[in-house]
2 protein chains.
Amino acid sequence: MRAYDIIKHKRDGKALAPESIRAFLNGYLAGEVPDYQMAALLMAVFFRGLTPDELNAWTDCMLRSGTVLDLSDIPGAKIDKHSTGGVGDKISLPLAALVASCGVKVPMISGRGLGHTGGTLDKLESIPGFETDLSIDRFRKQLADIGVSMIGQTSSLAPLDRRLYALRDVIAAVESLPLIASSIMSKKLAAGIDGLVLDVKVGSGAFMKNVDEARALAETMVAIGARMNKRVVAVLTDMNQPLGRAVGNSLEVEESLAVLNGEGPDDVVELTMVLGAQMLVLGGIAASTAEARPLLREAIERGRACATFETMVLAQGGDPAVVRDPRRLPRAAQRDEITAARAGYLQSIDTEQVGIAAMQLGAGRTRVDSPIDPAVGLTVQARLGEQIEKGQTLVVMHSNPGSNKDKARALLQDAFRVGPEPPPPAPLILEVVAPQGARE
Amino acid sequence: MRAYDIIKHKRDGKALAPESIRAFLNGYLAGEVPDYQMAALLMAVFFRGLTPDELNAWTDCMLRSGTVLDLSDIPGAKIDKHSTGGVGDKISLPLAALVASCGVKVPMISGRGLGHTGGTLDKLESIPGFETDLSIDRFRKQLADIGVSMIGQTSSLAPLDRRLYALRDVIAAVESLPLIASSIMSKKLAAGIDGLVLDVKVGSGAFMKNVDEARALAETMVAIGARMNKRVVAVLTDMNQPLGRAVGNSLEVEESLAVLNGEGPDDVVELTMVLGAQMLVLGGIAASTAEARPLLREAIERGRACATFETMVLAQGGDPAVVRDPRRLPRAAQRDEITAARAGYLQSIDTEQVGIAAMQLGAGRTRVDSPIDPAVGLTVQARLGEQIEKGQTLVVMHSNPGSNKDKARALLQDAFRVGPEPPPPAPLILEVVAPQGARE
């Protein structure tokens, strides 16, 4: 089939043979299929979707478009975690060290923040000296030595995904379930992992605003994993309010360190435990999540989780003293409080607006190449359902002279809704999607 | 709105403001919007369609993308005709001269054949010496002097349509009703006409295989015309068998000359009269088609129609003696008959296959730049519903040494279906679509 016929076939809702998908995608990678034909196919996929067979061929082609890491010479199960993105989502930081301290290898390849969501790399880099662009050799060696390594995406893994993502981003073909699923899974599977825990966010601060969409994405990714003989579990979690209190890079590192020291906000602790338990099960360390949780608690209580984080910081060039003394992290010059205009219950938080407010202060990026300020951000002082007094502080802005405080303030004043009735209670953990559609 | 937002808006089924359409299309023409964004928008339009307001803005932008001819200094109504393409459709040749001989100005800008359909320019150029690439000045002068001029599309009229068509052709976005309608109407309206008769073909040899699609296209084009204050009427006509007997360039010129001399196959004569009558009404020469027909008959009988054709041939550099002696046209070296394998009724003709057979002989193009042979083609000897004897000739192939006779023969043997029952009678004229949805 020629490129034209492949586009027409998909456009007309007919399933493509795996060899047609391979020919088209590899032709694009080789420069034989032009951008405009790929743009047309992506838009046709947006409207028509992909069958499971098509999606597997598509994902497989992307993951094989560059280097596929082989970590099989490193003993132990290699389990990663991926979040679809939220506000205040620093879970990867305590989680990776915690799980590694329990004996699972965590080869974590993360991204940077864009728009209203933060990125793990930006958070780590707020630790003075911390390097995230390690070579693959150093990444492997560190994984073998200390059980965890956290780096950025390298150009050698799944280069086709990077090219397709850049194209989708300018032709409005980002919000496609199969294209999102294949992008995440191809990058993760190219890193040579044995298993993956997906944290699929749902709510006002997530890309997926409702649970049905989120479940469909989760099921699609779990099915891709199953077809490729990888252990993949997805957890649907609430993103109708920021996770924890801190939003912003060094503020989130500080909150992560608290979790590793047995403190930290309840929701951050609980989500770390839930995802960590799934990782221990996938890694073969525990037979069930119930069995896994005491192991995680013990690793925190005995200080092993925190020590692993400290060792990783040292190995990646960061200042390890930060771990014992978070005051060494960059700090913003100014603090301003946003207070409640009326008394009542905190009914809702437009969490995406909160993320954008943090971005306006300098904690995130409007464009891929925008600079960020590690020190600035927000600390959220109120939780959904909480009873609020008039004049009570809802959120504190941490800003520096470069921050757009006026815009951030306006967004925040609008984002927190206080009303006479409490909202219905919202659980943090919504569903677990395991292979064959089984749910815990 | 940025190009990205315009694509997203359309993708999500929301109507675009006229200024957004203008910004996108003009940006593309200026090289600011890249091919891949235009490809994505075209595919989104394929799936979502265009509202009447969007379609008007789109068409208007295409027609103003280059020179818009102003023929208002030439006295009389300027009325053109356009066919959506069929097999053996030579109607433009006798029609333009006939209508011009009745006092309507016919500024006809035509295309070349591609695939299974022929093109008016190719037919005219089979007359030795006939030129179709006149300058706009010569086109105007000839229109003023003799009332008819038949030329090819010039690069100065609606250049955006040409660029969009070329892109649609490689991204499988050709078969979109609003994109087809805006392409036809922008080209035609840029030529400075006052009115247009559309021949929308329906059936096995047409792009539209069923009457509902054809009616929708016709109504869309008539509505565009009405919004732009042009008199536009569409006639839906049967294309379940070739028009007349001749398929191929000089063969079709010969059949056209027969019509101008009061002869020719019934269907070619009748369709010429039907479309001609509509053109005389739009041109203000007759109050109704019933009043128009005797005028057309008289122009043929008195020889004025044929004389106008001869004058046009002379004015455009062609050999005028061809008009009186069609044997001067190029003739193929060989004739081969395809005969009926069984007795019965001619039940159906796969007319697209017949067109492809003529193309295989060299009468048409597989690619835009393929050479054609003016001499070769087919003469169809049987009509739908006709009683057929075993061994009776169905079609004659006229070929030259370069012709792919074997392939043409196989296609033709397959295209004619003879069976025990006659098919239901199929009228030549299906519907007339006039402004405000009124039908005759």
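The values are calculated or read from the model by the stated rules, or taken from the named source; none is laboratory data. Here the structure is a predicted model, which is why all the values come from computation and not from measurement. So basically every Cβ, Gly included, is an ideal-geometry build from the backbone, and we count neighbours across all protein chains shown. Protein only, heavy atoms only, side chains kept; ligands, DNA and RNA dropped before computing areas. Shrake-Rupley method; radii C 1.70, N 1.55, O 1.52, S 1.80 Å.
Annotations
- Scan segment A:45-63 for residues that are touching a residue at least 60 places away in the same chain (Cβ under 8 Å), within 14 Å of chain B (Cβ to nearest Cβ) and outside any loop (DSSP other than H, G, I, E, B) and the total you get is 2.
- Screening B:PRO242 with (1) modelled with pLDDT of 95 or more; (2) surrounded by fewer than 24 Cβ atoms within 10 Å (Cβ to Cβ) gives one miss only, at (2).
- Considering residues of segment A:241-296 that are polar (S, T, N, Q) and touching a residue at least 12 places away in the same chain (Cβ under 8 Å) only, the residue nearest to A:ILE79 (Cα to Cα): A:GLN278
- In summary, B:PRO320 fulfils each of the numbered conditions (1) without any contact (Cβ under 8 Å) to a residue 24 or more places away in the chain; (2) under 30 Å from B:GLY385 (Cα atoms) with the single exception of condition (2).
- Test for B:LEU16: is it within 23 Å of B:LYS187 (Cβ to Cβ) and in a loop (DSSP other than H, G, I, E, B): yes
- For A:LEU71, the requirement of being closer than 30 Å to A:ARG140 by Cβ, buried (at least 24 other Cβ atoms within 10 Å of the Cβ) and not assigned by TED's automatic domain parsing to the domain that holds A:GLY355 is not met.
- Given (1) surrounded by 24 or more Cβ atoms within 10 Å (Cβ to Cβ); (2) over 20 Å from A:ILE21 (Cα atoms); (3) small (Gly, Ala, Ser); (4) over 16 Å from the mean Cα position of the chain (by Cα), index of the condition A:ALA190 fails: (2)
- Entirely in segment A:310-423, the helices (runs of 4 or more DSSP H) that have 3 or more residues that are more than 20 Å from A:PHE130 (Cβ to Cβ): A:351-361, A:405-415
This table checks each residue for (1) more than 21 Å from the chain's Cα centre (by Cα); (2) surrounded by fewer than 23 Cβ atoms within 10 Å (Cβ to Cβ); (3) among the aromatic types (Phe, Trp, Tyr).
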{"position": "A:GLU270", "(1), (2), (3)": "no, yes, no"}
{"position": "A:GLU301", "(1), (2), (3)": "yes, yes, no"}
{"position": "A:VAL323", "(1), (2), (3)": "yes, no, no"}
{"position": "A:ARG331", "(1), (2), (3)": "yes, yes, no"}
{"position": "A:SER348", "(1), (2), (3)": "yes, yes, no"}
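- Residue in segment A:134-141 that is within 14 Å of chain B (Cβ to nearest Cβ) and hydroxyl-bearing (Ser, Thr, Tyr) present: no
- Verdict on A:LYS81 being more than 14 Å from chain B (Cβ to nearest Cβ) and of a type outside the set (A, V, I, L, M, F, W, C): yes
- Top-ranked residue of segment A:1-25 - restricted to ones that are at the interface with chain B (Cβ under 8 Å from one of its Cβ atoms) and basic (Lys, Arg), ranked as least open to solvent (accessible area, probe 1.4 Å): A:ARG11
- From B:ARG138, B:ARG162, B:ARG168, residue being open to solvent by less than 40 Å² (accessible area, probe 1.4 Å) and basic (Lys, Arg): B:ARG168
- In segment B:198-206, the condition of being part of a loop (DSSP other than H, G, I, E, B) and over 30 Å from B:GLN436 (Cβ atoms) is met by at least one residue.
- Contact map, segment A:26-37: first residue within 14 Å of chain B (Cβ to nearest Cβ) and buried (at least 20 other Cβ atoms within 10 Å of the Cβ), second residue in a loop (DSSP other than H, G, I, E, B) and of a type in the set (Ser, Thr, Tyr), Cβ cut-off under 8 Å, separation 6 or more or different chains; the map is empty.
- Inter-residue pairs, beta-carbon under 6 Å, first within 25 Å of B:ALA286 (Cβ to Cβ) and in segment B:67-81, second part of a strand (DSSP E or B), 6+ apart: B:LEU71/B:LYS78; B:GLY76/B:LYS105; B:LYS78/B:LYS105; B:LYS78/B:PRO107; B:ILE79/B:GLY195; B:ASP80/B:MET108; B:ASP80/B:LEU196; B:LYS81/B:VAL197
- Any hit, segment B:379-387, residues being free of Cβ contacts under 8 Å to residues at least 60 places away in the same chain, open to solvent by less than 70 Å² (accessible area, probe 1.4 Å) and touching a helix residue (DSSP H, G or I) at 6+ places or on another chain (Cβ under 8 Å): no
- Matching residues in segment B:169-186 - criterion: being more than 17 Å from B:ARG112 (Cβ to Cβ) and either outside any loop (DSSP other than H, G, I, E, B) or more than 12 Å from chain A (Cβ to nearest Cβ) (or both): B:VAL170, B:ILE171, B:LEU177, B:PRO178, B:LEU179, B:ILE180, B:ALA181, B:SER182, B:MET185, B:SER186
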